[in-house]
1. Can you tell which of Gly376, Gly293, Gly301, Gly396 is over 30 Å from the mean Cα position of the chain (by Cα) and over 23 Å from Phe506 (Cβ atoms)?
2. Is there a residue being on the phi > 0 side of the Ramachandran plot, at pLDDT 90 or above and of a type outside the set (A, V, I, L, M) anywhere in the stretch 420-437?
3. Could you tell me which of the residues Thr363, Thr322 is in contact with a Gly (Cβ under 9 Å, 6 or more places away or on another chain), under 27 Å from Ala504 (Cβ atoms) and modelled with pLDDT of 95 or more?
4. Pairs only if they're at least six apart or on different chains, beta carbon under 7 angstrom, first in the stretch 473-487 and surrounded by 11 or more Cβ atoms within 10 Å (Cβ to Cβ), second among the polar types (S, T, N, Q); list them, first residue then second.
5. Filter the stretch 345-376 for residues that are of a type in the set (Ser, Thr, Tyr), in contact with a Pro (Cβ under 8 Å, 6 or more places away or on another chain) and part of a helix (DSSP H, G or I) and give the result.
6. If you go through the stretch 475-495 one residue at a time, do you hit one that is under 26 Å from Phe367 (Cα atoms), touching a Ser or Thr at 6+ places or on another chain (Cβ under 9 Å) and not in a strand (DSSP E or B)?
7. Those residues that are of a type in the set (Val, Ile, Thr) and free of Cβ contacts under 8 Å to residues at least 24 places away in the same chain, I need them from the stretch 309-348; list them, please.
8. Go through the stretch 24-50 and report how many residues are over 18 Å from Asn395 (Cβ atoms) and at pLDDT 85 or above.
Amino acid sequence: MSGVIDIKVPDIGDFKEVPVIEIFVKPGDKVKAEDPLVALESDKATMEVPSPRDGVVKSVVVKVGDKVSEGAVIVQFVGAGAEQAEARPVVSAPPSPVSAPAGVAEVRVPDIGDFKDVPVIEIFVKPGDSVKAEDPLIALESDKATMEVPAPLSGTVREIKVKTGDKVSEGAIILLLATSDTSAAASSVAPSPVAPSSAPAAAPVAHPGGVDEKAFALAYAGPAVRKLARELAADLGKIRGSGNHGRILREDVEAFIKGGAAAAKPQAAAASGSGVGGIDLLPWPKIDFAKFGPVERKELGRIKKISAANLHRNWVVIPHVTTHDEADITDLEQFRVKMNKELEKSGVKLSLLPFMVKAAVCTLKKFPEFNASLDGDTLVYKNYWHIGFAADTPNGLMVPVIRDADKKSVPEIAKEMNELAKLAREGKIKPDQMQGGTFSISSLGGIGGIYFTPIINAPEVAIMGVCKGHWKQHSADGKTWASRLTLPLSLSWDHRVIDGAAAARFNVHFANVLADLRRVLF
(Lines give C-alpha, C1' and ligand atoms only; values in the text may rest on other atoms or scores of the structure.)
Protein backbone atom coordinates (compact mmCIF):
# COMPACT_ATOMS: atom_id res chain seq x y z
CA MET A 1 0.00 0.00 0.00
CA SER A 2 1.51 3.31 -1.10
CA GLY A 3 2.61 5.59 1.72
CA VAL A 4 2.08 2.96 4.40
CA ILE A 5 4.93 1.63 6.56
CA ASP A 6 4.59 -1.63 8.50
CA ILE A 7 6.01 -1.59 12.02
CA LYS A 8 6.91 -5.10 13.10
CA VAL A 9 7.81 -6.94 16.30
CA PRO A 10 11.61 -6.80 16.68
CA ASP A 11 13.91 -9.61 17.73
CA ILE A 12 12.57 -10.94 21.05
CA GLY A 13 14.86 -13.91 21.34
CA ASP A 14 13.53 -17.44 21.13
CA PHE A 15 10.02 -16.51 22.21
CA LYS A 16 6.99 -17.20 20.04
CA GLU A 17 3.35 -16.32 20.49
CA VAL A 18 3.92 -13.64 23.15
CA PRO A 19 0.65 -11.97 24.24
CA VAL A 20 -0.04 -8.27 23.69
CA ILE A 21 -1.07 -6.87 27.08
CA GLU A 22 -1.31 -3.16 26.34
CA ILE A 23 -1.58 -0.83 23.35
CA PHE A 24 -0.30 2.72 23.82
CA VAL A 25 -1.31 4.32 20.51
CA LYS A 26 -4.38 4.75 18.33
CA PRO A 27 -4.94 5.82 14.71
CA GLY A 28 -4.07 9.47 14.23
CA ASP A 29 -1.47 9.58 17.01
CA LYS A 30 1.85 11.23 16.24
CA VAL A 31 4.74 9.26 17.71
CA LYS A 32 8.45 9.81 17.95
CA ALA A 33 11.23 7.27 17.65
CA GLU A 34 11.50 5.19 20.85
CA ASP A 35 7.93 6.01 21.96
CA PRO A 36 6.26 2.78 23.17
CA LEU A 37 3.71 1.27 20.78
CA VAL A 38 2.60 -1.94 22.50
CA ALA A 39 3.60 -3.99 25.54
CA LEU A 40 4.25 -7.74 25.43
CA GLU A 41 4.39 -9.95 28.48
CA SER A 42 5.33 -13.48 29.42
CA ASP A 43 5.03 -14.52 33.05
CA LYS A 44 6.61 -11.65 35.08
CA ALA A 45 8.65 -10.07 32.31
CA THR A 46 7.23 -7.20 30.27
CA MET A 47 8.73 -5.67 27.14
CA GLU A 48 7.55 -2.46 25.52
CA VAL A 49 8.00 -2.39 21.74
CA PRO A 50 9.27 1.09 20.82
CA SER A 51 8.68 2.92 17.57
CA PRO A 52 11.74 2.62 15.30
CA ARG A 53 11.05 6.04 13.76
CA ASP A 54 8.87 9.16 13.87
CA GLY A 55 5.49 8.82 12.25
CA VAL A 56 1.72 8.99 12.42
CA VAL A 57 -0.32 5.90 13.21
CA LYS A 58 -2.63 4.85 10.36
CA SER A 59 -3.88 1.66 12.00
CA VAL A 60 -3.22 -0.66 14.90
CA VAL A 61 -3.10 -4.20 13.50
CA VAL A 62 -3.15 -6.08 16.82
CA LYS A 63 -5.41 -5.98 19.85
CA VAL A 64 -4.97 -6.82 23.50
CA GLY A 65 -4.80 -10.60 23.88
CA ASP A 66 -3.33 -11.27 20.44
CA LYS A 67 -0.18 -13.39 20.42
CA VAL A 68 2.70 -12.23 18.27
CA SER A 69 6.18 -13.35 17.27
CA GLU A 70 9.18 -11.66 15.70
CA GLY A 71 8.26 -10.06 12.38
CA ALA A 72 4.52 -9.72 13.06
CA VAL A 73 3.04 -6.38 11.97
CA ILE A 74 1.69 -4.49 14.98
CA VAL A 75 1.14 -0.93 13.68
CA GLN A 76 1.03 0.83 10.33
CA PHE A 77 2.37 4.36 9.81
CA VAL A 78 1.38 6.74 7.02
CA GLY A 79 3.89 8.82 5.11
CA ALA A 80 3.63 12.42 3.93
CA GLY A 81 0.42 14.17 4.84
CA ALA A 82 0.00 11.94 7.82
CA GLU A 83 -1.19 14.83 9.87
CA GLN A 84 -4.48 14.45 8.01
CA ALA A 85 -4.84 10.82 9.07
CA GLU A 86 -8.34 9.88 10.09
CA ALA A 87 -8.84 9.72 13.85
CA ARG A 88 -9.81 6.48 15.55
CA PRO A 89 -13.58 5.95 15.59
CA VAL A 90 -15.15 6.09 19.03
CA VAL A 91 -18.12 3.93 19.91
CA SER A 92 -20.06 6.40 21.98
CA ALA A 93 -23.61 5.14 21.61
CA PRO A 94 -25.33 1.82 21.07
CA PRO A 95 -24.78 0.82 17.44
CA SER A 96 -27.64 0.08 15.11
CA PRO A 97 -29.24 -3.31 15.62
CA VAL A 98 -27.24 -6.09 13.98
CA SER A 99 -28.81 -9.28 12.86
CA ALA A 100 -26.85 -12.00 14.62
CA PRO A 101 -26.54 -15.43 13.02
CA ALA A 102 -28.60 -18.26 14.46
CA GLY A 103 -27.09 -19.53 17.70
CA VAL A 104 -25.19 -16.28 18.26
CA ALA A 105 -26.03 -13.70 20.92
CA GLU A 106 -25.04 -10.04 20.89
CA VAL A 107 -23.58 -9.18 24.28
CA ARG A 108 -24.16 -5.53 25.14
CA VAL A 109 -23.00 -3.10 27.82
CA PRO A 110 -25.42 -3.42 30.76
CA ASP A 111 -26.92 -0.65 32.85
CA ILE A 112 -23.95 1.37 34.13
CA GLY A 113 -25.93 4.13 35.76
CA ASP A 114 -25.59 7.68 34.49
CA PHE A 115 -22.21 7.12 32.88
CA LYS A 116 -21.79 7.69 29.13
CA ASP A 117 -18.82 7.18 26.83
CA VAL A 118 -16.91 5.04 29.32
CA PRO A 119 -13.54 3.87 27.95
CA VAL A 120 -12.72 0.19 27.50
CA ILE A 121 -9.44 -0.31 29.39
CA GLU A 122 -8.97 -4.06 29.07
CA ILE A 123 -10.32 -6.98 27.05
CA PHE A 124 -10.07 -10.36 28.76
CA VAL A 125 -11.14 -12.64 25.89
CA LYS A 126 -10.39 -13.26 22.24
CA PRO A 127 -12.27 -14.98 19.40
CA GLY A 128 -12.46 -18.71 20.01
CA ASP A 129 -12.34 -18.48 23.81
CA SER A 130 -14.89 -20.47 25.77
CA VAL A 131 -16.48 -18.50 28.57
CA LYS A 132 -18.87 -19.30 31.37
CA ALA A 133 -21.57 -17.10 32.82
CA GLU A 134 -19.99 -14.52 35.15
CA ASP A 135 -16.55 -14.73 33.47
CA PRO A 136 -15.20 -11.18 32.85
CA LEU A 137 -15.30 -10.04 29.22
CA ILE A 138 -14.05 -6.44 29.31
CA ALA A 139 -13.21 -3.78 31.86
CA LEU A 140 -14.54 -0.23 31.75
CA GLU A 141 -13.16 2.69 33.72
CA SER A 142 -14.39 6.14 34.63
CA ASP A 143 -11.99 8.26 36.66
CA LYS A 144 -10.88 5.85 39.43
CA ALA A 145 -13.86 3.51 39.25
CA THR A 146 -13.48 0.28 37.29
CA MET A 147 -16.26 -2.09 36.24
CA GLU A 148 -15.85 -5.51 34.71
CA VAL A 149 -18.60 -6.57 32.31
CA PRO A 150 -19.34 -10.27 32.89
CA ALA A 151 -20.64 -12.82 30.40
CA PRO A 152 -24.43 -13.16 30.78
CA LEU A 153 -24.32 -16.81 29.71
CA SER A 154 -21.89 -19.53 28.67
CA GLY A 155 -20.65 -19.83 25.11
CA THR A 156 -17.77 -19.29 22.70
CA VAL A 157 -16.55 -15.84 21.70
CA ARG A 158 -17.20 -15.43 17.99
CA GLU A 159 -16.28 -11.81 17.37
CA ILE A 160 -15.19 -8.84 19.50
CA LYS A 161 -16.80 -5.55 18.49
CA VAL A 162 -14.71 -3.17 20.61
CA LYS A 163 -11.05 -2.54 21.24
CA THR A 164 -9.04 -1.00 24.05
CA GLY A 165 -9.62 2.75 24.11
CA ASP A 166 -13.11 2.67 22.58
CA LYS A 167 -15.77 4.53 24.54
CA VAL A 168 -19.06 2.78 25.15
CA SER A 169 -22.42 3.44 26.78
CA GLU A 170 -25.28 1.26 27.92
CA GLY A 171 -26.52 -0.96 25.09
CA ALA A 172 -23.37 -0.89 22.96
CA ILE A 173 -22.49 -4.29 21.46
CA ILE A 174 -19.20 -5.55 22.86
CA LEU A 175 -19.03 -9.03 21.32
CA LEU A 176 -20.87 -11.88 19.63
CA LEU A 177 -21.22 -15.06 21.66
CA ALA A 178 -21.96 -18.41 20.05
CA THR A 179 -24.18 -20.35 22.41
CA SER A 180 -26.20 -23.52 22.50
CA ASP A 181 -28.88 -21.66 24.45
CA THR A 182 -31.67 -21.44 21.87
CA SER A 183 -33.41 -18.71 23.84
CA ALA A 184 -30.38 -16.51 23.32
CA ALA A 185 -29.91 -17.34 19.66
CA ALA A 186 -30.06 -14.42 17.27
CA SER A 187 -30.80 -12.05 20.12
CA SER A 188 -29.20 -9.29 22.12
CA VAL A 189 -28.12 -10.12 25.66
CA ALA A 190 -26.87 -7.73 28.30
CA PRO A 191 -25.38 -8.85 31.60
CA SER A 192 -27.66 -8.19 34.53
CA PRO A 193 -27.42 -4.56 35.70
CA VAL A 194 -24.53 -4.19 38.11
CA ALA A 195 -26.38 -3.32 41.29
CA PRO A 196 -26.70 -4.97 44.69
CA SER A 197 -30.29 -5.99 44.10
CA SER A 198 -29.94 -7.35 40.60
CA ALA A 199 -26.49 -8.90 40.21
CA PRO A 200 -26.42 -12.20 38.28
CA ALA A 201 -27.09 -15.18 40.49
CA ALA A 202 -24.17 -17.56 40.85
CA ALA A 203 -24.43 -21.31 41.13
CA PRO A 204 -23.90 -22.59 44.67
CA VAL A 205 -20.24 -23.39 45.33
CA ALA A 206 -18.84 -25.19 48.36
CA HIS A 207 -17.17 -22.58 50.52
CA PRO A 208 -14.93 -23.34 53.49
CA GLY A 209 -16.15 -20.37 55.50
CA GLY A 210 -19.86 -21.27 55.56
CA VAL A 211 -21.02 -18.65 53.06
CA ASP A 212 -24.59 -17.44 52.61
CA GLU A 213 -24.71 -18.30 48.90
CA LYS A 214 -27.77 -16.16 48.21
CA ALA A 215 -26.12 -13.10 49.74
CA PHE A 216 -22.87 -13.98 47.94
CA ALA A 217 -24.70 -14.13 44.59
CA LEU A 218 -26.48 -10.81 45.15
CA ALA A 219 -23.39 -8.96 46.32
CA TYR A 220 -22.44 -5.95 44.20
CA ALA A 221 -19.11 -7.14 42.78
CA GLY A 222 -17.51 -8.03 39.47
CA PRO A 223 -16.41 -11.54 38.41
CA ALA A 224 -12.73 -11.05 39.27
CA VAL A 225 -13.63 -9.87 42.78
CA ARG A 226 -16.03 -12.80 43.19
CA LYS A 227 -13.28 -15.20 42.13
CA LEU A 228 -10.84 -13.61 44.62
CA ALA A 229 -13.47 -13.87 47.37
CA ARG A 230 -13.88 -17.58 46.64
CA GLU A 231 -10.11 -18.13 46.73
CA LEU A 232 -9.72 -16.25 50.04
CA ALA A 233 -12.82 -17.74 51.65
CA ALA A 234 -14.39 -14.30 52.07
CA ASP A 235 -18.18 -13.99 52.37
CA LEU A 236 -19.16 -11.20 49.96
CA GLY A 237 -22.52 -10.94 51.70
CA LYS A 238 -20.75 -9.56 54.78
CA ILE A 239 -18.55 -7.01 52.99
CA ARG A 240 -19.50 -3.38 52.45
CA GLY A 241 -18.04 -2.00 49.24
CA SER A 242 -16.08 1.24 49.05
CA GLY A 243 -16.51 1.71 45.29
CA ASN A 244 -19.07 3.79 43.43
CA HIS A 245 -22.61 3.08 44.65
CA GLY A 246 -21.20 0.65 47.21
CA ARG A 247 -19.53 -1.70 44.72
CA ILE A 248 -17.19 -4.22 46.38
CA LEU A 249 -13.62 -3.80 45.18
CA ARG A 250 -10.60 -6.06 45.42
CA GLU A 251 -9.17 -4.02 48.29
CA ASP A 252 -12.45 -4.42 50.22
CA VAL A 253 -12.09 -8.21 50.05
CA GLU A 254 -8.44 -8.02 51.10
CA ALA A 255 -9.28 -5.69 54.00
CA PHE A 256 -12.02 -8.08 55.09
CA ILE A 257 -9.55 -10.99 55.16
CA LYS A 258 -6.90 -8.94 56.99
CA GLY A 259 -9.11 -7.22 59.53
CA GLY A 260 -12.46 -8.99 59.60
CA ALA A 261 -15.91 -7.64 58.80
CA ALA A 262 -15.35 -4.42 60.74
CA ALA A 263 -12.40 -3.54 58.49
CA ALA A 264 -14.56 -3.83 55.40
CA LYS A 265 -17.70 -2.19 56.84
CA PRO A 266 -16.48 1.19 58.08
CA GLN A 267 -19.90 2.81 58.14
CA ALA A 268 -21.51 -0.03 60.04
CA ALA A 269 -18.60 -0.09 62.47
CA ALA A 270 -18.89 3.62 63.07
CA ALA A 271 -22.58 3.29 63.76
CA SER A 272 -22.05 0.53 66.29
CA GLY A 273 -18.90 2.01 67.81
CA SER A 274 -16.94 -1.13 66.90
CA GLY A 275 -13.85 -1.59 64.80
CA VAL A 276 -10.42 -3.17 64.84
CA GLY A 277 -8.59 -2.41 68.07
CA GLY A 278 -11.27 0.14 68.88
CA ILE A 279 -10.51 2.11 65.70
CA ASP A 280 -12.98 2.28 62.80
CA LEU A 281 -11.19 1.62 59.51
CA LEU A 282 -12.25 3.94 56.68
CA PRO A 283 -11.71 3.86 52.91
CA TRP A 284 -8.44 5.26 51.58
CA PRO A 285 -8.59 9.08 51.81
CA LYS A 286 -8.93 11.08 48.60
CA ILE A 287 -7.03 14.34 49.05
CA ASP A 288 -6.29 17.26 46.75
CA PHE A 289 -2.62 17.58 47.69
CA ALA A 290 -2.25 20.70 45.52
CA LYS A 291 -4.26 22.63 48.13
CA PHE A 292 -1.28 22.44 50.48
CA GLY A 293 1.56 23.24 48.11
CA PRO A 294 3.18 22.51 44.74
CA VAL A 295 2.92 18.91 43.53
CA GLU A 296 4.18 16.87 40.62
CA ARG A 297 2.38 13.77 39.33
CA LYS A 298 4.20 10.92 37.59
CA GLU A 299 2.50 7.81 36.26
CA LEU A 300 3.95 4.55 37.57
CA GLY A 301 5.82 2.55 34.94
CA ARG A 302 4.41 -0.74 33.66
CA ILE A 303 6.93 -2.87 35.59
CA LYS A 304 6.20 -1.05 38.85
CA LYS A 305 2.48 -1.52 38.33
CA ILE A 306 2.95 -5.26 37.77
CA SER A 307 5.33 -5.52 40.73
CA ALA A 308 2.90 -3.64 42.96
CA ALA A 309 0.04 -5.97 42.04
CA ASN A 310 2.17 -9.09 42.57
CA LEU A 311 3.61 -7.87 45.88
CA HIS A 312 0.17 -6.86 47.15
CA ARG A 313 -1.29 -10.25 46.22
CA ASN A 314 1.61 -12.12 47.81
CA TRP A 315 1.40 -10.09 51.03
CA VAL A 316 -2.37 -10.57 51.36
CA VAL A 317 -2.56 -14.26 50.39
CA ILE A 318 0.62 -15.64 52.00
CA PRO A 319 0.81 -15.67 55.82
CA HIS A 320 4.29 -14.18 56.19
CA VAL A 321 6.58 -14.70 59.16
CA THR A 322 10.14 -13.35 59.24
CA THR A 323 12.94 -14.92 61.29
CA HIS A 324 16.14 -12.93 61.84
CA ASP A 325 19.66 -14.19 62.50
CA GLU A 326 23.32 -13.31 61.94
CA ALA A 327 26.18 -14.90 60.03
CA ASP A 328 29.87 -14.50 60.82
CA ILE A 329 31.41 -13.76 57.40
CA THR A 330 34.85 -12.62 58.56
CA ASP A 331 36.69 -15.55 56.95
CA LEU A 332 34.45 -15.54 53.88
CA GLU A 333 35.16 -11.85 53.27
CA GLN A 334 38.90 -12.46 53.48
CA PHE A 335 38.55 -15.34 51.02
CA ARG A 336 36.39 -13.18 48.67
CA VAL A 337 39.01 -10.40 48.60
CA LYS A 338 41.76 -12.94 47.92
CA MET A 339 39.83 -14.60 45.07
CA ASN A 340 39.06 -11.24 43.46
CA LYS A 341 42.78 -10.58 43.20
CA GLU A 342 43.32 -13.97 41.56
CA LEU A 343 40.40 -13.44 39.16
CA GLU A 344 41.32 -9.87 38.28
CA LYS A 345 42.55 -10.73 34.78
CA SER A 346 39.42 -12.74 33.97
CA GLY A 347 37.19 -9.70 34.38
CA VAL A 348 34.99 -11.51 36.92
CA LYS A 349 34.43 -9.68 40.19
CA LEU A 350 32.92 -11.53 43.13
CA SER A 351 30.40 -9.86 45.40
CA LEU A 352 29.02 -11.64 48.44
CA LEU A 353 25.83 -12.58 46.55
CA PRO A 354 27.21 -15.54 44.52
CA PHE A 355 28.45 -17.13 47.76
CA MET A 356 24.98 -16.69 49.23
CA VAL A 357 23.51 -18.46 46.21
CA LYS A 358 25.74 -21.49 46.87
CA ALA A 359 24.87 -21.34 50.59
CA ALA A 360 21.17 -21.23 49.67
CA VAL A 361 21.44 -24.33 47.46
CA CYS A 362 23.29 -26.21 50.19
CA THR A 363 20.66 -25.25 52.78
CA LEU A 364 17.69 -25.95 50.47
CA LYS A 365 18.97 -29.48 49.91
CA LYS A 366 19.01 -30.04 53.65
CA PHE A 367 15.54 -28.46 54.11
CA PRO A 368 13.64 -29.41 50.91
CA GLU A 369 10.29 -27.94 52.01
CA PHE A 370 11.84 -24.49 51.45
CA ASN A 371 12.38 -25.47 47.80
CA ALA A 372 8.73 -26.43 47.30
CA SER A 373 5.48 -24.78 46.18
CA LEU A 374 1.85 -25.18 47.17
CA ASP A 375 -0.51 -26.52 44.51
CA GLY A 376 -3.89 -26.50 46.20
CA ASP A 377 -3.56 -28.91 49.12
CA THR A 378 -0.46 -30.54 47.61
CA LEU A 379 3.15 -29.57 48.29
CA VAL A 380 5.32 -29.86 45.17
CA TYR A 381 8.97 -30.61 45.98
CA LYS A 382 11.35 -29.50 43.23
CA ASN A 383 14.49 -31.45 42.47
CA TYR A 384 16.19 -28.50 40.85
CA TRP A 385 17.63 -25.36 42.38
CA HIS A 386 16.96 -22.14 40.45
CA ILE A 387 17.81 -19.13 42.62
CA GLY A 388 16.28 -15.72 41.94
CA PHE A 389 17.93 -12.48 43.02
CA ALA A 390 16.25 -9.09 43.31
CA ALA A 391 17.65 -6.54 40.87
CA ASP A 392 16.93 -2.84 41.33
CA THR A 393 16.33 -1.28 37.90
CA PRO A 394 15.20 2.19 36.73
CA ASN A 395 11.85 0.60 35.80
CA GLY A 396 11.33 -1.14 39.14
CA LEU A 397 12.17 -4.36 40.93
CA MET A 398 12.90 -7.42 38.78
CA VAL A 399 13.98 -10.93 39.80
CA PRO A 400 16.32 -12.68 37.33
CA VAL A 401 16.94 -16.38 37.97
CA ILE A 402 20.20 -18.35 38.11
CA ARG A 403 19.17 -21.75 36.77
CA ASP A 404 20.79 -24.94 38.07
CA ALA A 405 22.85 -22.99 40.59
CA ASP A 406 23.95 -26.29 42.12
CA LYS A 407 25.91 -27.12 38.96
CA LYS A 408 27.74 -23.79 38.65
CA SER A 409 30.85 -22.44 40.32
CA VAL A 410 30.89 -19.19 42.29
CA PRO A 411 32.70 -17.29 39.46
CA GLU A 412 30.20 -18.68 36.91
CA ILE A 413 27.30 -17.51 39.07
CA ALA A 414 28.92 -14.08 39.52
CA LYS A 415 29.40 -13.68 35.76
CA GLU A 416 25.81 -14.72 35.01
CA MET A 417 24.44 -12.42 37.71
CA ASN A 418 26.28 -9.43 36.25
CA GLU A 419 24.96 -10.22 32.76
CA LEU A 420 21.35 -10.70 33.93
CA ALA A 421 21.40 -7.56 36.09
CA LYS A 422 22.71 -5.53 33.13
CA LEU A 423 19.95 -6.86 30.86
CA ALA A 424 17.35 -6.06 33.53
CA ARG A 425 18.58 -2.48 33.92
CA GLU A 426 18.52 -2.00 30.14
CA GLY A 427 15.04 -3.50 29.82
CA LYS A 428 16.35 -6.28 27.57
CA ILE A 429 15.92 -9.26 29.88
CA LYS A 430 13.90 -12.12 28.36
CA PRO A 431 10.87 -13.69 30.05
CA ASP A 432 12.50 -17.12 30.46
CA GLN A 433 15.39 -15.48 32.35
CA MET A 434 12.91 -14.58 35.10
CA GLN A 435 10.97 -17.83 35.28
CA GLY A 436 11.18 -21.04 37.28
CA GLY A 437 12.76 -19.72 40.47
CA THR A 438 12.54 -21.97 43.54
CA PHE A 439 13.98 -19.57 46.14
CA SER A 440 14.94 -15.89 46.11
CA ILE A 441 17.55 -13.66 47.73
CA SER A 442 17.00 -9.95 48.24
CA SER A 443 20.20 -8.14 49.18
CA LEU A 444 20.45 -4.58 50.46
CA GLY A 445 24.11 -5.13 51.28
CA GLY A 446 25.38 -2.39 49.00
CA ILE A 447 23.09 0.18 50.62
CA GLY A 448 22.67 -0.41 54.34
CA GLY A 449 20.11 -1.36 56.95
CA ILE A 450 20.08 -4.06 59.59
CA TYR A 451 16.94 -6.19 59.20
CA PHE A 452 13.79 -6.05 57.05
CA THR A 453 10.86 -8.23 55.95
CA PRO A 454 11.21 -9.32 52.33
CA ILE A 455 7.95 -10.32 50.59
CA ILE A 456 7.83 -13.90 49.31
CA ASN A 457 7.91 -14.27 45.53
CA ALA A 458 4.93 -16.59 44.88
CA PRO A 459 4.73 -19.46 44.14
CA GLU A 460 7.92 -19.83 46.18
CA VAL A 461 7.50 -20.37 49.92
CA ALA A 462 10.51 -18.47 51.29
CA ILE A 463 12.92 -15.63 50.56
CA MET A 464 16.19 -14.62 52.21
CA GLY A 465 16.77 -10.94 52.89
CA VAL A 466 20.31 -9.71 53.54
CA CYS A 467 21.50 -6.33 54.78
CA LYS A 468 24.92 -4.69 55.02
CA GLY A 469 27.58 -6.49 57.03
CA HIS A 470 28.94 -4.71 60.09
CA TRP A 471 31.64 -5.33 62.66
CA LYS A 472 30.43 -6.65 65.97
CA GLN A 473 31.97 -8.08 69.15
CA HIS A 474 31.48 -11.87 69.44
CA SER A 475 32.36 -14.39 72.11
CA ALA A 476 32.21 -18.18 71.85
CA ASP A 477 32.67 -18.79 75.59
CA GLY A 478 31.52 -15.52 77.14
CA LYS A 479 35.09 -14.71 78.25
CA THR A 480 37.09 -14.04 75.11
CA TRP A 481 35.77 -11.41 72.76
CA ALA A 482 36.73 -10.58 69.17
CA SER A 483 35.48 -8.21 66.50
CA ARG A 484 33.83 -10.18 63.68
CA LEU A 485 32.20 -9.10 60.41
CA THR A 486 28.53 -9.89 60.89
CA LEU A 487 25.88 -10.27 58.19
CA PRO A 488 22.21 -9.71 59.18
CA LEU A 489 19.83 -12.35 57.77
CA SER A 490 16.05 -11.98 57.41
CA LEU A 491 14.21 -15.11 56.26
CA SER A 492 10.52 -14.67 55.34
CA TRP A 493 8.55 -17.91 55.11
CA ASP A 494 5.05 -19.14 54.29
CA HIS A 495 3.50 -20.33 57.55
CA ARG A 496 1.15 -22.66 55.63
CA VAL A 497 4.18 -24.76 54.67
CA ILE A 498 6.90 -23.97 57.19
CA ASP A 499 6.92 -23.70 60.97
CA GLY A 500 9.11 -21.56 63.21
CA ALA A 501 11.48 -24.35 64.29
CA ALA A 502 12.28 -25.28 60.67
CA ALA A 503 12.83 -21.62 59.78
CA ALA A 504 15.23 -21.14 62.70
CA ARG A 505 17.19 -24.26 61.69
CA PHE A 506 17.31 -23.04 58.07
CA ASN A 507 18.77 -19.70 59.17
CA VAL A 508 21.35 -21.37 61.42
CA HIS A 509 22.48 -23.73 58.68
CA PHE A 510 22.63 -20.91 56.11
CA ALA A 511 24.73 -18.83 58.52
CA ASN A 512 27.05 -21.77 59.26
CA VAL A 513 27.68 -22.36 55.55
CA LEU A 514 28.59 -18.69 55.05
CA ALA A 515 30.88 -18.86 58.08
CA ASP A 516 32.68 -21.90 56.65
CA LEU A 517 32.04 -22.50 52.94
CA ARG A 518 33.60 -25.97 53.22
CA ARG A 519 30.20 -27.11 54.48
CA VAL A 520 28.96 -26.91 50.87
CA LEU A 521 30.85 -30.16 50.29
CA PHE A 522 28.66 -32.02 52.79
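1. The match here is Gly293.
2. Yes: one or more hits.
3. Thr322
4. Trp481/Gln473; Trp481/Ser475; Arg484/Thr330; Leu485/Thr330
5. Answer for the stretch 345-376, where residues must be of a type in the set (Ser, Thr, Tyr), in contact with a Pro (Cβ under 8 Å, 6 or more places away or on another chain) and part of a helix (DSSP H, G or I): just Ser346.
6. Checked the stretch 475-495: no residue is under 26 Å from Phe367 (Cα atoms), touching a Ser or Thr at 6+ places or on another chain (Cβ under 9 Å) and not in a strand (DSSP E or B).
7. The answer is Val337, and nothing else.
8. The qualifying residues number 8.
The values are calculated or read from the model by the stated rules, or taken from the named source; none is laboratory data. Bear in mind that the values here come from a model prediction, so they are computed numbers and not experimental data. Every residue, glycine among them, receives a Cβ derived from its backbone with ideal geometry; neighbour counts consider all protein chains shown.
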